[in-house]
Amino acid sequence: MAIERPELKLVFDEPKQKVKPPKHFADLDPEGRKALAEEIGLPAFRAKQIATHFFTHYNDDPETWTDIPKDLRALVAEKFTPKLITLVKSVTTDSGKTRKDLWRLHDGVLVESVLMRYTDRTTVCISSQAGCGMNCPFCATGQGGLTRNLTAGEITAQVVAAARICAEGELPGGETRLSNVVFMGMGEPMANYNAVMRSVRNITAPQPDGLGIGARSVTVSTVGLVNGIDKLRDEGIPVTLAVSLHTPDDELRDTLVPINSRWKVKEVLDAADRYSDKTGRRYSIEYAMIKDINDQAWRSDLLGRLLKNRNAHVNLIPLNPTPGSKWTASRPQDEAEFVRILETYGVPVTVRDTRGREIDGACGQLAASEITSSS
Ligand code: SAH
């Protein structure tokens, strides 16, 4: 007999939007960009020129594009590169190597991205939605609900801004290349699937059609929307998949990750396996370590048994503090024991650093308010 599943309709419905964000050429595929050029009376080759400025030189100001005739620049700016995100403020920590940027969108909505320079790579953590509808009780983003989906242009603009910051040497250590992109900021990427996929293509397509960042260096993190994971598998772009599991048992996961009432732990892991089988990629299991909630030895044992024959890697995230939450991070000895047990099953496990915690820029802390963001 088929199991009755609650229809979490609201979660997937596009929230009402008063004014649509301006259309941007990053919302379109390369064919669509050419078509747009022709539609406004420009030869199709202009689309490539525009893409080169944007994706190769991270320049979104047509007034400075000398290969575009002066009298066309205003039209190009309006139709191809309207300003989608405006920097409200930046907060830094780690001597400037971690930087959280607060962006205002055309309708006043705020989102955040976090740029992190490490010795061997520089990663930007971007938002795919303003707010989030998934309602995980330990995550700050979920507490305000979903405001709206971001467009591909708005998502891509966060990455291009980060690439520009790196290229212009704004981070300590001088010029560098943006090497990694993680969809781990505000929002549930799989609940804004089409815009996220267009953005993934913009990020991974070779220049000039995209930023030319390798698919393996792009991570899409999800609470476990199985339909989205299956769709992603069929795209043929082997991005890294991360699944926010947080506990191996359905009883607790129903409260920690409420979408679990629709797709259970086993269904989510099976979808991740299908993804791994098709792409050959190992996936990540994200697990926020919450003191006395999900960090018991028996849960580590259960997780080890679930994962021992899977192509998965566990990333433990010490719980980051969020306003109003009664929960805290696990004790060091409990965390160490959790790791030890997982390792007895041969499951690879790492503990994520808490980069950005001091500026409310770490996992689960992005809430995008001009007032609460520390400065
Ligand atoms: N909605 C997606 C993308 C967000 S990724 C997802 O949940 O996967 C952000 C990661 O940080 C997720 O694994 C999330 O569960 C985790 N997280 C949320 N709140 C946290 C907190 N307070 N401390 C540590 N990790 C947290």
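The values are calculated or read from the model by the stated rules, or taken from the named source; none is laboratory data. Please read these numbers as outputs of a predicted model, since none were measured by experiment. Every residue, glycine among them, receives a Cβ derived from its backbone with ideal geometry; neighbour counts consider all protein chains shown.
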Open item on the list: Going by what's in this entry, would residue 199 be described as in a strand (DSSP E or B), within 16 Å of the ligand (Cβ to nearest atom) and among the hydroxyl-bearing types (Ser, Thr, Tyr)?
Closed with: no
Open item on the list: Please go through the stretch 139-172 and give me each residue that is crowded, with 24+ Cβ neighbours inside 10 Å and of a type in the set (Asp, Glu), ordered by number.
Closed with: 154
Open item on the list: Of all residues being in contact (Cβ under 8 Å) with a residue 40 or more places away in the chain and small (Gly, Ala, Ser) in the stretch 86-121, which is nearest to residue 145 (Cα to Cα)? Just the residue, please.
Closed with: 113
- [ ] Within the stretch 336-364, track down each residue that is over 15 Å from residue 299 (Cα atoms) and either of a type in the set (Val, Ile, Thr) or at pLDDT 95 or above (or both).
- [x] 346, 348, 350, 351, 354, 359
TODO: Run down 190, 184 and say which single residue is under 27 Å from residue 94 (Cα atoms) and either surrounded by 24 or more Cβ atoms within 10 Å (Cβ to Cβ) or within 16 Å of the ligand (Cβ to nearest atom) (or both).
DONE: 184
- [ ] Report, by residue number, each residue of the stretch 220-254 that is surrounded by fewer than 18 Cβ atoms within 10 Å (Cβ to Cβ) and basic (Lys, Arg).
- [x] 231
TODO: Would you confirm whether any residue within the stretch 53-73 is in contact with a strand residue (DSSP E or B) (Cβ under 8 Å, 6 or more places away or on another chain) and part of a loop (DSSP other than H, G, I, E, B)?
DONE: no
- [ ] Look through 364, 324 and report the one residue that is under 18 Å from residue 182 (Cα atoms) and not β-branched (Val, Ile, Thr).
- [x] 364
Task: Residues satisfying the stated conditions in the stretch 250-283, i.e. polar (S, T, N, Q), free of Cβ contacts under 8 Å to residues at least 60 places away in the same chain and farther than 21 Å from residue 308 by Cα - done: 260
Open item on the list: Return the residues of the stretch 127-179 that are of a type in the set (Val, Ile, Thr), more than 18 Å from the chain's Cα centre (by Cα) and assigned to a loop (DSSP other than H, G, I, E, B); say none if nothing qualifies.
Closed with: 176
- [ ] Identify, from the list 364, 324, 356, the residue that is closer than 30 Å to residue 110 by Cα and near the ligand (Cβ under 10 Å from one of its atoms).
- [x] 364
Open item on the list: Quick check on this structure: which one of 80, 55 is surrounded by 14 or more Cβ atoms within 10 Å (Cβ to Cβ) and either closer than 30 Å to residue 118 by Cα or modelled with pLDDT under 95 (or both)?
Closed with: 55
Open item on the list: Tally up the residues in the stretch 74-84 that are among the basic types (Lys, Arg) and not in a helix (DSSP H, G or I), please.
Closed with: 1
Task: Among residues of the stretch 210-246, those that are assigned to a loop (DSSP other than H, G, I, E, B) and within 11 Å of the ligand (Cβ to nearest atom), counted - done: 5
Open item on the list: I'd like to verify a number: residues in the stretch 255-278 that are within 15 Å of the ligand (Cβ to nearest atom) and either surrounded by fewer than 15 Cβ atoms within 10 Å (Cβ to Cβ) or not small (Gly, Ala, Ser) (or both), how many?
Closed with: 12
